[in-house]
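> Got a structure for you, questions after.
The values are calculated or read from the model by the stated rules, or taken from the named source; none is laboratory data. Quick caveat: nothing in here was measured; it's all calculated off a predicted structure. Positions of Cβ are backbone-derived with ideal geometry, glycine not excepted, and every protein chain shown enters the neighbour counts.
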Amino acid sequence: MVKTTQVDLKDQDLLGALRGFFKAVLEREEISAILVPWRLPMKNTVMPTLITDPQQLDRADPLSPGFAINTARVVSRLTRRASAGKVVAVMRPCEIRAFVELVKLRQGRTEELVIIGLDCLGAFGNRDYFRWVGDDAEASTQKFYRAVLTGSGAAMDGVDLSRACKACELPTADGADIAVGLYGVDTAQHLLVQARTPEGENLLGKLGLVETQEPPGRMKALEKLVAERIAFRDEMFNQTRAATDNMEKLGTYLANCVNCYNCRVACPVCYCRECVFVTDVFDHEPAQYLRWAERKGAVKLPTDTLFYHLTRLAHMSTACVGCGQCSNACPNDLSLMELFRSVAHRTQAGFGYAAGRSLDEKPPLSEFRENEFPEVVGI
């Protein structure tokens, strides 16, 4: 049974209500720190920040359309081993799903962690966000969330949501201990706070919030949003497959890759401590380049770019959560998210798996399943 409460707003200040809620959480004796998107004082950008002083939460900005990093990797570092206290992490739905995958891969733990997830309003790409935010980041955030929640849409001032966000059909924080609802809620008056796990219910019960019912229009608002996202996603898949359905097209699609490996570093579920592409395996001798050039007449440098992406696709397609950070990090604006999501969607469907859906689902290929793919193995 989901425990549903509400946080009332003062002067229709949604951001202020969220900050007050986070302060109430952090002031609980059993909570040591809260990890939250926080507006940096030296620049109008938002980054995950670990906070122990409740007064510092006046700069918390979880509704900002800035999304420079998927926090799952940060939460993994905070939880990989036992710590001295319990941490609360405020995360987007795609960050929660990525962290679930990392826990399955033994890169993080949930024992000393409480996850607070918000309905995701989406985010701009890095370049668009920095161009759009202006000198008053707080006013920009307010302008953004009011436009989204009143139905005006996120497109404004010549920028729009990233394609990853426009194609995301999972905007709610289903994997959180405590979920904050925004869609289909009268966010001029209050916000919805639901406990989804016993851990979340225990913490929420100590905050003295008024119990309520989920608004009847919330489900309809979410269904409409998800239908729009799925339509965009499927059209994106069709376009991407048409552009990459043979090796020649795929080579053209990835031709601008310079092997910077930013996409690997930015990916929250690409967890190997040492990537094969930064080992001696791909540290070719000078004579090798000459032999390739002599055999073909010309060889593009750097080499191995296509092989690199094919390897990542094979490695990551079962765990991709579609956060879009690979595209966000690419200096040459390759449409990597579109490619990875298209492949991941088919891969995960083939295994009957959804990355980040549940801690109880084992990753594909991690266990023997007798009835899996009988048409392939012939059993």
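> Could you list, in sequence order, all residues of region 116-140 that are among the aliphatic types (A, V, I, L, M), modelled with pLDDT of 95 or more and out of contact with any helix residue (DSSP H, G or I) (no Cβ under 6 Å at 6 or more places or on another chain)?
ILE116, LEU118
> If you don't mind, another one. List every residue pair whose Cβ atoms lie under 9 Å apart, where the two residues are 6 or more positions apart in sequence or sit on different chains, the first residue falls within region 93-107 and is in contact (Cβ under 8 Å) with a residue 24 or more places away in the chain and more than 19 Å from PRO62 (Cβ to Cβ), and the second residue, located anywhere, is among the aromatic types (Phe, Trp, Tyr) and outside any helix (DSSP H, G or I).
GLU101/TYR271; LEU102/TYR271; LEU105/TYR271; GLN107/TYR271
> Residues of region 328-347 being in a loop (DSSP other than H, G, I, E, B) and either not small (Gly, Ala, Ser) or not assigned by TED's automatic domain parsing to the domain that holds TYR271 (or both), which ones?
CYS330, PRO331, ASN332, ASP333, LEU334
> Then there's this: Against the condition crowded, with 21+ Cβ neighbours inside 10 Å and part of a helix (DSSP H, G or I), how does ARG73 come out, does it pass?
yes
> Which of the residues belonging to region 204-248 are out of contact with any helix residue (DSSP H, G or I) (no Cβ under 7 Å at 6 or more places or on another chain), in a helix (DSSP H, G or I) and of a type in the set (A, V, I, L, M)?
Once the filter is applied, which keeps residues that are out of contact with any helix residue (DSSP H, G or I) (no Cβ under 7 Å at 6 or more places or on another chain), in a helix (DSSP H, G or I) and of a type in the set (A, V, I, L, M), region 204-248 yields LEU204, MET219, ALA221, LEU222, LEU225, VAL226, ALA227, ILE230, ALA231, ALA242, MET247.
> Just to verify a result, which residue in region 31-63, among those that are of a type in the set (Asp, Glu) and without any contact (Cβ under 8 Å) to a residue 60 or more places away in the chain, is farthest from TYR129 (Cα to Cα)?
Among them, the one singled out is ASP53.
> TYR183 passes all but one of (1) surrounded by fewer than 17 Cβ atoms within 10 Å (Cβ to Cβ); (2) within 20 Å of LEU149 (Cβ to Cβ); (3) not basic (Lys, Arg); which number fails?
Status for TYR183: all satisfied but (1).
> Looking at PRO286, PRO268, PRO302, PRO215, which one is farther than 22 Å from ALA167 by Cα and surrounded by 17 or more Cβ atoms within 10 Å (Cβ to Cβ)?
PRO215
> Restricting attention to region 186-212, which residues are of a type in the set (D, E, K, R), closer than 23 Å to GLU30 by Cα and surrounded by fewer than 19 Cβ atoms within 10 Å (Cβ to Cβ)?
Once the filter is applied, which keeps residues that are of a type in the set (D, E, K, R), closer than 23 Å to GLU30 by Cα and surrounded by fewer than 19 Cβ atoms within 10 Å (Cβ to Cβ), region 186-212 yields GLU199, GLU201, LYS206, GLU211.
> Additional query: Tell me, which residue of region 103-135 that is outside any helix (DSSP H, G or I) and β-branched (Val, Ile, Thr) is farthest from ASP177 (Cα to Cα)?
In this case the residue turns out to be VAL133.
> Counting only residues that are among the small types (Gly, Ala, Ser) and assigned to a helix (DSSP H, G or I), which one in region 305-327 is surrounded by the fewest Cβ atoms within 10 Å (Cβ to Cβ)?
ALA314
> Against the conditions (1) crowded, with 23+ Cβ neighbours inside 10 Å; (2) closer than 19 Å to LYS23 by Cα; (3) touching a Pro at 6+ places or on another chain (Cβ under 9 Å), where does PRO48 fall short? Just the number, please.
Only one criterion is unmet by PRO48, namely (1).
> Might you check whether a residue that is among the β-branched types (Val, Ile, Thr), in contact with a Leu (Cβ under 8 Å, 6 or more places away or on another chain) and over 12 Å from ILE178 (Cβ atoms) occurs anywhere in region 189-211?
No, region 189-211 contains no residue that is among the β-branched types (Val, Ile, Thr), in contact with a Leu (Cβ under 8 Å, 6 or more places away or on another chain) and over 12 Å from ILE178 (Cβ atoms).
> So SER64 fits all but one of (1) within 20 Å of the chain's Cα centre (by Cα); (2) under 19 Å from LEU203 (Cβ atoms); what number is the exception?
So the condition that SER64 fails would be (2).
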